[in-house]
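Notes for the one structure printed next.
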Amino acid sequence: MPPDPPIAIACDCGESGSVAYGETWQCAKCEKRWNTGQIPREAYERRNRRMRRFRVEILAFGAILLGVFAPLVLFVESRYLFLAIIVGLAWMLLYMPLWRRRVRRAAAEAPRWELHPE
Ligand SMILES: [Zn+2]
């Protein structure tokens, strides 16, 4: 599993940074301290699970394509390479933009938390 994504913090003064969950980020400009431990763990994990599903989906899809076409091309008939290229192109041109849009929307809908400086 990849490490949990960092949390982006925007300070009152306009500075921003990011830090791992549970850690405290100190603004370089105004020295306020923002503790991400104030975020409920459950809410943070729910957000991560949602984003992780997108990665799993794309990896699984890629693995299936490879698993289907690699043996066909290598062991059955090299003409399948042409079909593999068509499917690969369709995947990149049709599926990937959709996928990226869904990820962007999910990221935009991801919860935001109000932290209180310490
Ligand atoms: Zn600041």
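The values are calculated or read from the model by the stated rules, or taken from the named source; none is laboratory data. Note that the coordinates shown come from a computational prediction; the quantities given were computed from them, not determined experimentally. Quick reminder, even Gly has a Cβ in these numbers, built from the backbone with ideal geometry, and neighbours come from all protein chains shown. In case anyone asks, the SASA skips ligands and DNA or RNA and just uses the protein heavy atoms, side chains included. Shrake-Rupley method; radii C 1.70, N 1.55, O 1.52, S 1.80 Å.
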statement: Residue hits (the stretch 1-39; of a type in the set (S, T, N, Q) and under 22 Å from the mean Cα position of the chain (by Cα)) are 16, 18, 36
- prompt: For residue 71, all conditions in the list (1) open to solvent by 90 Å² or more (accessible area, probe 1.4 Å); (2) over 30 Å from residue 18 (Cα atoms) hold save one; what is the number of the exception?
  reply: (1)
- request: Please verify whether the stretch 78-90 includes one or more residues that are part of a loop (DSSP other than H, G, I, E, B) and within 30 Å of residue 117 (Cβ to Cβ).
  value: no
- prompt: Do we find a residue being surrounded by 13 or more Cβ atoms within 10 Å (Cβ to Cβ) and under 30 Å from residue 27 (Cβ atoms) anywhere in the stretch 97-106?
  reply: yes
- line: Counted residues in the stretch 3-52 being within 14 Å of the ligand (Cβ to nearest atom), part of a loop (DSSP other than H, G, I, E, B) and either open to solvent by less than 30 Å² (accessible area, probe 1.4 Å) or among the basic types (Lys, Arg) (or both) come to 4
- prompt: Would the stretch 51-66 turn up any residue that is of a type outside the set (Phe, Trp, Tyr), farther than 21 Å from residue 4 by Cβ and in contact (Cβ under 8 Å) with a residue 24 or more places away in the chain?
  reply: yes
